[in-house]
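Worksheet: the structure to be examined is printed underneath.
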Amino acid sequence: MPKEKPELSDAMRAKLGRKLPEKNPIRGTKFTIAISSAKGGVGKSTFATNLALALKTIGCKVGLLDADIYGPSIPKMLGIDEKPKSDGQKLKPINKYDVQCMSIGFLADQQTPMIWRGPMVTSAIRTFTQKVNWKDLDFIIVDMPPGTGDTQLTFSQEIKMDGAIIVSTPQEVALLDVKRGIKMFDKLGVKVLGLVDNMSYFVGDDEKKYAIFGQGGVEKTAKEFKKDFLGEIPINPEIGKQGDLGIPIVECNPNHEISKIYLNLAEKIKSSFT
């Protein structure tokens, strides 16, 4: 029997002049940054929303794409209760707080469950990246769903991703998924810009710090995988309160201590790309 031909490596294909499929940028944007958690319930959507508003506050033109098809949070967090308009070919993003926004939550009732199989999710993601009229954006922040499934694969394999920020709480059960997420992005060739320790501690009335979910786990994981540690964001009741009201904390109170953390992080990101 003839021997099976070995699979060609990327380098060998390049030498043979065979072009590998190119990843497409999201039209109308310069840089695409994914916000991922790999684990649900760690405040990823809150982080994505406030980071987008922080980038806007320091002078960037920003878009916010809610790619969490099964559990969209952005409509609630930004207080948006309207459907996007269409010119017959493309959807027009909804502008809120000078940020261009798109979410599956704009197209379906808030209480309608997204009972979709993988191909339908992939189709929705392609619609949001190819058939939305994003306009002159410096950054588009993509709020990824938890896990390492169809959405992450579609973005990583088809869309030009300029980086990913991984958000986690510090306890080990969350970090197990974070480690899987880091390996996924590394394997798919997406640069991990760094890790953020969210809900890292709570400051009580006695002004003492209480590490409710443990301490130092995210920074330790960043060092283990040789990624940047981008800092800590403490628990603060105002964050959840303002998110529920549809006026995120960076927008309603840019001088708040939490807002300053986001603004400093936004400055770091802006300087690393410009």
Considering only the range 222-274, state which residues are more than 18 Å from the chain's Cα centre (by Cα) and over 24 Å from PRO170 (Cβ atoms).
ASP244, LEU245, GLY246, ILE247, GLU251, CYS252, ASN253, PRO254, ASN255, SER271, THR274
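For the range 187-217, give me each residue that is of a type in the set (Asp, Glu) and within 27 Å of ILE141 (Cα to Cα). Explain how you work it out, then say what you get.
So in the range 187-217, the residues of a type in the set (Asp, Glu) come out as 197, 205-207.
Residue satisfying the conditions is ASP197 alone.
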Qualifying positions in the range 50-94 - closer than 22 Å to ARG126 by Cβ, among the small types (Gly, Ala, Ser), out of contact with any Leu (no Cβ under 8 Å at 6 or more places or on another chain) and modelled with pLDDT of 95 or more
none
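This table checks each residue for (1) in contact (Cβ under 8 Å) with a residue 40 or more places away in the chain; (2) exposed (fewer than 15 other Cβ atoms within 10 Å of the Cβ); (3) assigned to a loop (DSSP other than H, G, I, E, B); (4) β-branched (Val, Ile, Thr).
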| position | (1), (2), (3), (4) |
| --- | --- |
| LYS223 | no, yes, no, no |
| LYS227 | yes, no, yes, no |
| PRO234 | no, no, no, no |
| GLU238 | no, yes, no, no |
| LYS241 | no, yes, no, no |
| GLU251 | yes, no, no, no |
| ASN255 | no, yes, yes, no |
| SER259 | yes, no, no, no |
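Inspect the range 174-184 for any residue being in a strand (DSSP E or B), closer than 27 Å to PHE31 by Cβ and out of contact with any Lys or Arg (no Cβ under 7 Å at 6 or more places or on another chain) and give the result as yes or no. Working first, answer last.
Our first condition is that a residue be in a strand (DSSP E or B); within the range 174-184, this holds for none.
No, every residue in the range 174-184 fails to be in a strand (DSSP E or B), closer than 27 Å to PHE31 by Cβ and out of contact with any Lys or Arg (no Cβ under 7 Å at 6 or more places or on another chain).
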Every pair of residues 6+ apart whose Cβ atoms lie under 9 Å, when the first sits in the range 170-199 and is free of Cβ contacts under 8 Å to residues at least 12 places away in the same chain while the second is in a helix (DSSP H, G or I) and surrounded by 13 or more Cβ atoms within 10 Å (Cβ to Cβ)
LYS187/SER156
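The values are calculated or read from the model by the stated rules, or taken from the named source; none is laboratory data. Values in this document were obtained by computation on a predicted structure and should not be read as measured data. All Cβ positions, glycine included, derive from the backbone under ideal geometry; neighbour counts span all protein chains shown.
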